[in-house]
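I have placed the structure first, in the form of structure tokens, so that the comments after it can refer back to it.
The values are calculated or read from the model by the stated rules, or taken from the named source; none is laboratory data. Keep in mind that what you see is a predicted model, and the values were worked out from it rather than measured. Neighbour counts are summed over all protein chains in view; Cβ atoms, including those assigned to glycine, are modelled from backbone coordinates with ideal geometry.
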Amino acid sequence: MLTDTKIRSLKPREKPYRIADHNGLCIEIRQSGSKLWRYRYRFDGKASMLSLGEYPAVSLSDARKARDEARALLSDGKNPAQIRKTEKIEASIQNANTFELVAKEYITEILKNRSSGYLNKITKSLEIDIYPIIGSKNVSEVSAAEVLYIARSTVSRVRTTGKRGTGEITALNNIKIIGAIMRYAIATLRAENDPTYAVRGSIIRPDIEHARPLTKEEQSHFRKGLDGFRGSATVRNALLTMAYTMLRSVEIRRMKWSYIDFESRVINFPISTRNNSQERTTKKNRIHLVPMSEQLYALLKQQYIESGNKEYVFPAVYSGGDSNPIGGATLNAALKNMGLKAVTAHDFRATASTILNELDFDENWIEKQLAHAEQNKVRASYNHAKYMNQRRDMLQQWADIVDGWKE
């Protein structure tokens, strides 16, 4: 039998050789001088060998213990080498199924057609609030307690940094992100439960400040202010386009020149599908047609001089303008700089809806132009051009009303 003194005295030779210990355990000495533990055994009549590690990292007593464990497996009719191989595969799978790796796969496979802005928002939330807590954990082991901890930590972080809001919305969005990734893990057979269900109701959503119509004073301030606007022509034109069209700010931002048909005087927002690599351009991801008023037509012709060589109609002004639209906060920031601190971009849609309804325009025309979701999704997918002539006339009258605010 081997002893530590004897093992230390073993010297390398021209070829590797082995010295036996007992019950199949031996030590192999390589030409390099390294000493490796081996366990020799027979399974189903075939000779096999199992590596048990390198001496002295694996001591003599540890090697004997590993041999005895392998012998116990043999007694149970199991092949130690096959068990080792299975354990390595399971460990590899375990390491490949961390929450972070599954999240990145989810982003690549499921969110590949979403806008870069949306993906950046998701990635930022993951990196700031989620990965530090559960990123390295196997996705199947993520617990409700950890999700709750992330949510509460998010609220605390937002409040501590003093940024916008009190943190509840950000926390709820983080729970939503975790839930989407967990459900993807379930669908791909890497988890069995979604722990976010258990923490529903743990964070109370604050009351929503709904959009409201502009007052007469705000209408006048806005329209007159645009004539003396001190910002860039692109931002000014984006603000006026928003007022003329009843579009959402995200639709203004993502508007591309390829959507503009000057001949037909229509803006055509396309639908995003898995096959066309088109980013979502509207909130409900539906085809949306916007007939141009005379004012909008002239404004877009003017804007074409500014950015006709770019992809986006309203590109980023100071950086990344060749491939990026104006920023998500640009329009609201511009309104505040104009002195309209209580007005948001969304308020212009509420203003148009209120005034046009008061003027007794057909509610169906207004709702269609606001691109509000239709309950029947099949019908909605075919009715994007409905009431087109009526909507064209309505938007012309609406543009005249907007211009009338400065009188």
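So is His346 surrounded by fewer than 21 Cβ atoms within 10 Å (Cβ to Cβ), touching a residue at least 12 places away in the same chain (Cβ under 8 Å) and either of a type in the set (Val, Ile, Thr) or within 26 Å of Gln390 (Cβ to Cβ) (or both) or not? Taking the combined requirement at face value, the residue satisfies it.
Applying the criterion of being free of Cβ contacts under 8 Å to residues at least 40 places away in the same chain and in a loop (DSSP other than H, G, I, E, B) to the residues of the stretch 23-55, the residue that is nearest to Gln82 (Cα to Cα) is Asp44. Within the stretch 24-40, count every residue that is out of contact with any strand residue (DSSP E or B) (no Cβ under 6 Å at 6 or more places or on another chain) and either surrounded by 15 or more Cβ atoms within 10 Å (Cβ to Cβ) or not assigned by TED's automatic domain parsing to the domain that holds Arg67 (or both). Here the count works out to 0. The number of residues in the stretch 112-132 that are within 16 Å of Asn174 (Cβ to Cβ), surrounded by fewer than 18 Cβ atoms within 10 Å (Cβ to Cβ) and not hydroxyl-bearing (Ser, Thr, Tyr) comes to 7. Every condition in (1) under 30 Å from Ala187 (Cα atoms); (2) surrounded by 14 or more Cβ atoms within 10 Å (Cβ to Cβ); (3) among the small types (Gly, Ala, Ser) is met by Ala70 except one, and the failing one is (1).
Results for (1) out of contact with any Leu (no Cβ under 6 Å at 6 or more places or on another chain); (2) at positive phi; (3) in a helix (DSSP H, G or I), shown as yes or no for each residue.
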| position | (1), (2), (3) |
| --- | --- |
| Ala63 | no, no, yes |
| Ala66 | no, no, yes |
| Thr86 | yes, no, yes |
| Glu90 | yes, no, yes |
| Thr108 | yes, no, yes |
| Asn113 | yes, no, no |
| Ser125 | yes, no, yes |
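Applying the condition of being within 16 Å of Ser61 (Cα to Cα) and of a type in the set (A, V, I, L, M, F, W, C) to the stretch 20-40 and asking which residue is farthest from the chain's Cα centre (by Cα) yields Ala20.
Look at Thr160 and say whether it is more than 30 Å from Glu407 (Cα to Cα), among the polar types (S, T, N, Q) and surrounded by fewer than 12 Cβ atoms within 10 Å (Cβ to Cβ). Judged against the criteria, Thr160 is a match.
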